[in-house]
Amino acid sequence: MPDIWWKADPQDLHRLVDRVSSVYVERSHLDRDENAVVIINKQQTVRVPAAMVAVMLLGPGTRVTHGAIRLLADSGTTVCWVGEQGVRMYAAGLGPSRGAGLLHRQAWLVTRPKERLAVARAMYSMRFPGEDVSALTMQQLRGREGTRVRKIYRAQAERTGVPWNGRVYKAGDAFAAGDDLNRLLSAANAALYGICHAVITGLGASPGLGFVHTGKATSFVLDIADLYKAEYTIPLAFDLTAQELTEERDARLGLRDLIARDKLLTRIVTDVKSLLTPEGTDFEDTEANLLWDEHVGAVAGGTNYATEADLSVHGMTENHIAIIGPDLADTETTS
């Protein structure tokens, strides 16, 4: 009789396309039972097949054991510590598999002007449904995007009756803009960036290798977030201002509710994968322990390539801090 799924070997990794895009956990305890991640709270206990999840999002009030984290890491599941409903990202672990195939694919695309332009056009085509942008240059795309955004702001102002005097903001300072509408836009966009950052990291791509944006450690995050601002953060900011809900928390909670309603996390996962690995792309993200070689491309890792002349000691010393608690047996003896 075959083992039930939670007793399967965690190394039996599933392809990213076959996995559940994300699991969000809040106000719960995560532990390990054999090869299952067990999520426990006062209402229920849920077993999660770690190897079938791409991203595990840990929200506020979540506690997790070392055993659970080890299982998720062995299963190639990314763990991200985030705010409510994933609106802010604080830290992240490994990608969904031990391979770097998606990252290599992204780097290959972004370092070739023709392929990079193709991805940028694909992004703009998502923003301009029904329009042909296949022959436009980046300058033409930027101009069209600027016109589109101005129209969106004017349309939202007419819809809600909230005056619009232009976008003003200062990165890192939500209150620099002065008026409530601009502050809400900045707060909502920051929350959206956190969501996109969590998904990109969870998929194993690089937040810094952007196609439209460049020069920042979050350039790709800005690229992906721009796909959804017209649909989510801009209307939300106008709606909140019209209702006189002007605190940063109002923007975070409002976006959180929209994410849950529309399953935006799943949509972002699909969009990122379709941009980097469009249908028909020959792509396989498998684990490979290789070393780069300038002549043959790659050689096997886990092999000692030293010659006799290399076997000398170079003064390497141990320099680290370790904090280790007492064994349980020792604690019981002294108590």
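Here are some notes:
- Largest to smallest accessible area among K229, K42, K216, K114 [probe 1.4 Å]: K42, K114, K216, K229
- Note on segment 23-167: dipole from Cβ charges, positive end direction compared against A50, A73, V133; the farthest Cα belongs to V133.
- The slack between D257 and I152, meaning 0.36 nm per residue of separation minus the straight C-alpha distance, is 35.6 nm.
- Local net charge near E26, Cβ-Cβ under 11 Å (Lys/Arg +1, Asp/Glu -1): +1
- Each of D239 and Y169 was given a label point 7 Å from its Cα along the Cα-to-Cβ line. The distance between the two points is 1.8 nm.
- Accessible surface for M123 stands near 0 Å², nearest 10, in the context of the full protein assembly shown (1.4 Å probe).
- Nearest-10 value in Å² for the accessible area of T45, using the 1.4 Å probe: 90 Å²
- With the convex hull of the Cα atoms taken as the outline of segment 93-153, the averaged projected area works out to 6.2 nm².
- Every Cα-Cα pair in segment 18-168 was counted, and those over 28 Å apart are 48% of them.
- Listed pairs K229/K263; K216/K263; K151/K263 exceeding 21 Å between Cα atoms: K216/K263; K151/K263
- Per-pair calculated FRET efficiency, R0 = 35 Å: K216 and M52 via Cβ, rounded to 0.05: 0.55
- Charge tally in the Cβ shell below 14 Å around I69, where Lys, Arg are +1 and Asp, Glu are -1, I69 excluded: +1
The values are calculated or read from the model by the stated rules, or taken from the named source; none is laboratory data. Predicted model only: the values in this text are computed from it and were never measured. Every residue, glycine as well, gets a Cβ built from its backbone with ideal geometry; the counts of neighbours run over all protein chains shown. Accessible surface is based on the protein model in full, side chains and every heavy atom, while ligands, DNA and RNA are left aside. Shrake-Rupley method; radii C 1.70, N 1.55, O 1.52, S 1.80 Å.
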